[in-house]
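Beneath this line is the structure, given in structure tokens, with notes to follow.
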Amino acid sequence: MHELSIAMRVVDLAAARCRDAGGDIVTAVTVRVGRLAAVHGGALAAAFEMAREGTPLAEATLRVVDVPVRVWCPQCRAEADLTDVVPLACPACGRPTGDLRAGHELEVESIEVVGPRGDTVGAGA
Amino acid sequence: MSEPRILEVRTSILKRNDEVAREMREEFRRAGMVVVNLVSSPGSGKTRLLYETLVRLRRAGRRVAAIVGDVETDRDARRLGASGAPVRQIMTHGLCHLEAEMVRRELLAWPSEHVDCLFIENVGNLVCPTSWDLGESLRVALLSVAEGEDKPLKYPGLFNTADVAVITKTDLAEACDFDRAAALDALAAVRPGMPVIETSAKSGAGLDAWITFLEARRP
């Protein structure tokens, strides 16, 4: 159940970014989770509900974007997304390849912020 | 109430852990240390393999040390301590993995004598340790012959992050109807080209190859 550790960091990151931008509360957080990152979306959502309590994210929605495993095939000289996680092989020619271009992502992509009393937050970082 | 404004963040969720791990890796590199992170399911033989590894490396004149993570008890530290190597136990009290900061705390509390090879035995878990970089130079995933050849397919994330796989308890292979070819196929499916070393800490089979592999990693 390491999703709680992950969720707490999501909340910390989002709250810090909100504060830096002069925001008041965070209404939504979008995270990107690679299919090889060993993080369960449902467990992350449950953990997020616990982690957000008493923070500027108390009312925030969590959006989880699943990132498929993407490999580079040296034979086809092309990248390709895999439907399944394993085997790590080119879906076009079947050749095994460990050259991963995506799939281990664990990142906060963006947040939605509202300023105090409905004021909008200044643009940019 | 105004419309929410979207702010790009694009930051790794484990940024802080990654930063600590990066700093430690640089310190380890400068100190000429090999740092090995052992990951596997509980009961796959990490402690036994590590014990034999510590004994053999010490016999060869290497200065070795170990940090071992468990949810509770210092039993593994006591087992490993019998090798004569300095060992520290991290009790996570529920946490399912080790984090870089925990390792750094242990290292700060340690007398600062030179170590050639530091082993970190992670909490037995095939999921949670996956994304937590501990600053290691080598991540070793263990797979015992008793736990099923398809384990790597079931837990691809962790096996994919490993630099080398060690098959353990080969002395039990026959009793467990271990299908060696299937295990090698499963490992290749999740990490094409990953070296695989087959060992039995009990009989000693394969331990020379394992030690040779480790020695070759020394700077």
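Here, each number is a calculation from the coordinates, and none is a lab measurement. Here the structure is a predicted model, which is why all the values come from computation and not from measurement. Glycine also receives a Cβ, built like all others from the backbone with ideal geometry; neighbour counts cover every protein chain displayed.
Coupling constants for the stretch A:105-115 follow from the phi torsions by the Karplus curve (6.51 cos²θ - 1.76 cosθ + 1.60, θ = phi - 60°), and in residue order they are 4, 8, 9, 8, 7, 7, 9, 10, 10, 10, x Hz; glycine and proline get x. Checked against a 25 Å cut-off, the cross-linked pairs B:Lys46/B:Lys151; B:Lys15/B:Lys46; B:Lys46/B:Lys154 give Cα-Cα distances beyond that limit for B:Lys15/B:Lys46.
Applying a length cut-off of 15 Å (Cα extent along the axis) and a mean Kyte-Doolittle floor of 0.0 to the DSSP H helices of chain B leaves B:180-190.
Determine the relative contact order of chain A: mean sequence separation of Cα pairs under 8 Å and six or more apart, normalised by residue count, in whole percent. Over chain A, the number comes to 35 percent. Helix content alone sets the calculated 222 nm mean residue ellipticity of chain A: runs of n ≥ 4 DSSP H residues at -39500 (n - 2.57) each, divided across all residues, give -7500 deg cm²/dmol. Say we join alpha carbon atoms closer than 10 Å with springs in a Gaussian network model of chain B; which of B:Thr199, B:Thr73, B:Thr47 then has the biggest fluctuation? For chain B, modelled as a Gaussian network with Cα springs under 10 Å, the answer is B:Thr73.
In chain B, the calculated helix contribution to ellipticity at 222 nm averages -10000 deg cm²/dmol per residue, counting -39,500 (n - 2.57) for every DSSP H run with n ≥ 4. Going by the alpha-carbon gyration tensor, a ≥ b ≥ c the square roots of its eigenvalues, is chain B rounded (a/c under 1.5) or, if a/c is not under 1.5, prolate (a/b greater than b/c) versus oblate? Oblate is the answer for chain B, as a/c is 1.5 or above yet b/c matches or exceeds a/b.
Listing B:Lys151, B:Lys15 from fewest to most neighbouring C-beta atoms within 10 Å gives B:Lys15, B:Lys151. With unit charges on the beta carbons (Lys and Arg positive, Asp and Glu negative) and the dipole taken about the Cα centre of chain B, which residue among B:Val127, B:Ala183, B:Pro111 sits farthest to the positive side? Highest projection toward the positive end goes to B:Pro111. Shape analysis of the stretch B:103-219 places it in the prolate category; the axes a ≥ b ≥ c from the Cα gyration tensor give an a/c of at least 1.5, with a/b above b/c.
Sorting B:Ser144, B:Ser12 from the fewest to the most surrounding beta carbons within 10 angstrom yields B:Ser12, B:Ser144. Taking the Cβ of B:Leu153 as the centre, find all other residues whose Cβ is under 14 Å away and add up their charges (Lys, Arg: +1; Asp, Glu: -1). Net of charged neighbours comes to -2.
About its Cα centre, the stretch B:15-216 has a charge dipole of approximately 500 debye under the convention of +1 per Lys or Arg Cβ and -1 per Asp or Glu Cβ, with nothing else charged. Relative to the longest principal axis of the Cα atoms of chain A, helix A:3-20 runs at roughly 50 degrees.
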